[in-house]
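Heads up, the thing below is written out as structure tokens.
The values are calculated or read from the model by the stated rules, or taken from the named source; none is laboratory data. Keep in mind that this is a model prediction, so the values were computed, not measured. Don't worry about glycine lacking a Cβ; one is built from the backbone with ideal geometry, like all the others, and counts go over all protein chains shown.
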Amino acid sequence: MSDWMKKRFWTEVSVVEADEGFGLALDGRRIKTPLKTPLYVPSRAFADHIASEWDAVGEAIDPTTMPFTRAANAAIDKLANQKPEVVALLAEYGGSDLLCYRATYPEKLIAKQAQAWDPVLDWAAEAFGQRLNVTQGVLPVDQPPEPLDMMHKRLLGLSEFQLSGAYDLISISGSLVLAFAVMDGVVDPAQAWDYSRIDEAWQIAEWGADDEAEAASAIKNADFLRAALIFQLS
């Protein structure tokens, strides 16, 4: 479809095989991205998720309820044309990775961070050649260039569709290392989400939950888990 139509006009959504992978059709007509490129994804399972979104549309289209479609559009329309710039932006997370900045107190929180994050950093040291430096507090800590360079190159090697999932894994968690651990199957996505929320969970346990913050967190949690699935489907 060449643009977002406000009203539903189709009766049948179908997955079609295409030269690029798997496309989607509405009553036999290929869906297109906002920039008018035929929409496609690399796997049938990914296409099935998009088809379900279009099949679930009621009287009017609401793009906010169609995250798999949006991810495919982003991969085709944006990431295919701006990949080096997006990769450079994501690679910067390695220089200020969440797992490298630890609490200064209390001791129980320090221990909880170490228990969860140290094994992931140990894995990353094996995967990327050298362990990242850890500090306490918020003052910046310099990181060795070798692992940062290797992570940058790894991001460049991802397909645009994989990168569409990696983008949210990195930006939502604040950790390039944790995102790679999810992508490599080293850490379960749900566990990775918990690891990224250790500080917030501690604050909630100490001071209680805020309804608005909890609602925002639930949305981010769903987005993070979906991003892991999108990467897997890609």
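Residue count for segment 29-77 satisfying the condition of being in contact (Cβ under 8 Å) with a residue 40 or more places away in the chain and more than 18 Å from Val15 (Cα to Cα): 10. The listed residues are Phe161, Phe231, Phe224, Phe180, and the only one of them that is touching a residue at least 12 places away in the same chain (Cβ under 8 Å), touching a strand residue (DSSP E or B) at 6+ places or on another chain (Cβ under 7 Å), in a helix (DSSP H, G or I) and surrounded by 13 or more Cβ atoms within 10 Å (Cβ to Cβ) turns out to be Phe161. Check segment 54-67 and report whether any residue there is in contact with a Pro (Cβ under 9 Å, 6 or more places away or on another chain) and part of a loop (DSSP other than H, G, I, E, B). Looking for residues that are in contact with a Pro (Cβ under 9 Å, 6 or more places away or on another chain) and part of a loop (DSSP other than H, G, I, E, B), one finds none in segment 54-67, hence no. Residue check: Phe231 meets all listed conditions (1) over 17 Å from Pro67 (Cα atoms); (2) at pLDDT 95 or above; (3) of a type in the set (Phe, Trp, Tyr) but one, namely (1). Hey, can you tell me all the residues within segment 90-147 that are in a helix (DSSP H, G or I), surrounded by 13 or more Cβ atoms within 10 Å (Cβ to Cβ) and more than 23 Å from the chain's Cα centre (by Cα)? Of everything in segment 90-147, those that are in a helix (DSSP H, G or I), surrounded by 13 or more Cβ atoms within 10 Å (Cβ to Cβ) and more than 23 Å from the chain's Cα centre (by Cα) turn out to be Leu109, Ile110, Lys112, Ala114. Among the residues of segment 31-47, those identified as buried (at least 17 other Cβ atoms within 10 Å of the Cβ) and outside any loop (DSSP other than H, G, I, E, B) are Lys32, Pro38, Tyr40, Val41, Phe46, Ala47.
Among residues of segment 1-58 being of a type in the set (Phe, Trp, Tyr) and within 24 Å of Ala227 (Cβ to Cβ), the one that is farthest from the chain's Cα centre (by Cα) is Trp4. Would you check if there is a residue in segment 166-174 being among the hydroxyl-bearing types (Ser, Thr, Tyr), in contact with a helix residue (DSSP H, G or I) (Cβ under 6 Å, 6 or more places away or on another chain) and either under 21 Å from Ala71 (Cβ atoms) or surrounded by fewer than 24 Cβ atoms within 10 Å (Cβ to Cβ) (or both)? Yes, because at least one residue in segment 166-174 is among the hydroxyl-bearing types (Ser, Thr, Tyr), in contact with a helix residue (DSSP H, G or I) (Cβ under 6 Å, 6 or more places away or on another chain) and either under 21 Å from Ala71 (Cβ atoms) or surrounded by fewer than 24 Cβ atoms within 10 Å (Cβ to Cβ) (or both).
When you check Ala25 against the structure, is it surrounded by 14 or more Cβ atoms within 10 Å (Cβ to Cβ) and without any contact (Cβ under 8 Å) to a residue 60 or more places away in the chain, yes or no? Spelling it out, Ala25 is indeed surrounded by 14 or more Cβ atoms within 10 Å (Cβ to Cβ) and without any contact (Cβ under 8 Å) to a residue 60 or more places away in the chain.
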